[in-house]
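Have a look at the structure below, then the notes.
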Amino acid sequence: MTPDTIPQYGEAILIMYSRSAPAIVGSHSTCESWNRLYKLDNLYLDLSLKIDGSGPLLMGKLLTPNPLEGRVRLVAENQEVLQDAELGAMRAWHFRVPAGGVCRLEMHLGGHSFVVRSLDIP
């Protein structure tokens, strides 16, 4: 990529974080689930990680009163794109994610790009 084609990312600001108690799925004790609320300029991102029998599930929803189009990508530490989704009218998505690691979430919303770094996946 040339410098003029590298997207400039705004940083998502974490404003709320909660963690649930460890859950037991099947006969295994799993790591904790979490919920986070981020501020991205004039909108909010509600992000949750839930653990169920199929593994970790990352769910997100952009909270804004205005119509919004864009894409969301989940990227591994090695820069591999793990998941990619287009934002629909509900502005929500969910990704099955691999257990054990740290990822980042990239959002391309109209002319703006945002990143949520250091998403811990138990």
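The values are calculated or read from the model by the stated rules, or taken from the named source; none is laboratory data. Keep in mind that this is a model prediction, so the values were computed, not measured. Don't worry about glycine lacking a Cβ; one is built from the backbone with ideal geometry, like all the others, and counts go over all protein chains shown. Heavy atoms of the whole protein, side chains included, go into the accessibility calculation; ligands, DNA and RNA do not. Shrake-Rupley method; radii C 1.70, N 1.55, O 1.52, S 1.80 Å.
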Cβ-Cβ distance below 7 Å, separation of 6 or more or different chains: which pairs start in segment 61-78 with a residue that is free of Cβ contacts under 8 Å to residues at least 60 places away in the same chain and end on one that is surrounded by 14 or more Cβ atoms within 10 Å (Cβ to Cβ) and of a type in the set (Ser, Thr, Tyr)?
Leu63/Tyr44
Of all the residues that make up segment 101-116, how many are more than 15 Å from Gly60 (Cβ to Cβ) and assigned to a strand (DSSP E or B)?
4
Filter segment 1-30 down to the residues that are of a type in the set (Gly, Ala, Ser) and assigned to a strand (DSSP E or B), then identify the one that is modelled with the lowest pLDDT.
Ser29
Test for Leu109: is it buried (at least 17 other Cβ atoms within 10 Å of the Cβ) and under 13 Å from the mean Cα position of the chain (by Cα):
no
Within segment 31-93, which strands (runs of 3 or more DSSP E) (wholly inside it) include 3 or more residues that are open to solvent by 30 Å² or more (accessible area, probe 1.4 Å)?
34-40, 43-52, 55-63, 81-86
Can you report the number of residues in segment 89-104 which are of a type in the set (D, E, K, R) and at positive phi?
1
Filter segment 94-106 down to the residues that are among the basic types (Lys, Arg) and either surrounded by fewer than 15 Cβ atoms within 10 Å (Cβ to Cβ) or over 21 Å from Lys50 (Cα atoms) (or both) and list them by number.
Arg96
